[in-house]
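Trainee: I have a structure I would like to understand better, so I am pasting it below and will then ask my questions one at a time.
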Amino acid sequence: MKRSDATRAGAEKLMRAEAAIDAALRETAELMGLLPSLRLEAHLSAVIGQDAVDNLGETLSHIVSARRTIIIAHGALNTVRSQIGCGAMASGDLPKPNLSGGLQVVGGQAA
């Protein structure tokens, strides 16, 4: 397998893993947000289900940590890509942020 093919395959898998973490974060946050509404609609005491809310809060914290560390891994893999002599790759449908801190063109105007 060529290095460029390996790099592309790794990038695609990384993007799927990042998307899966984002999906888990979104679904868990939506569940967490739904529980108080369900409790109120059922006229239940706030004491009911507090353990579940605590557990979901901890779950959210772990997912946020996973998101942070996969982003760090993404950066480390970019370093590996450079080390093995593969140029910059653009894949996926989202624009990559300009992290240089300089001006960039947005909608035909400098921002």
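Rule-based calculations on the coordinates, nothing more; no lab input. In this text, all values refer to a predicted model and were calculated from it rather than measured experimentally. Positions of Cβ are backbone-derived with ideal geometry, glycine not excepted, and every protein chain shown enters the neighbour counts.
Trainee: For the charge dipole of the range 3-91, defined by +1 on Lys and Arg C-beta atoms and -1 on Asp and Glu C-beta atoms about the Cα centroid, which residue among Leu56, Ala76, Leu44 has the Cα displaced farthest towards the positive pole?
Mentor: Highest projection toward the positive end goes to Ala76.
Trainee: Applying 1/(1 + (r/R0)^6) with R0 = 35 Å to the Cβ-Cβ distance of Ser65 and Arg3, what FRET efficiency is obtained, to the nearest 0.05?
Mentor: Between Ser65 and Arg3 the formula returns 0.65.
Trainee: Can you tell me the convex hull volume per residue for the range 1-43, based on C-alpha atoms, in Å³ to the nearest whole number?
Mentor: Enclosed volume per residue, from the Cα hull, is 35 Å³.
Trainee: Taking the Cα-to-Cβ direction at Asn78 and at Leu31 and moving 7 Å from each Cα, how far apart do the two end points lie in nm?
Mentor: Distance between the two pseudo-spin positions: 3.2 nm.
Trainee: Which percent of Cα pairs goes in each bin when the distances of the range 3-91 are cut into 5 angstrom slices starting at zero?
Mentor: Bin by bin from 0 Å, the calculated values are 3, 13, 18, 15, 12, 9, 9, 7, 6, 5, 3, 2, 0.
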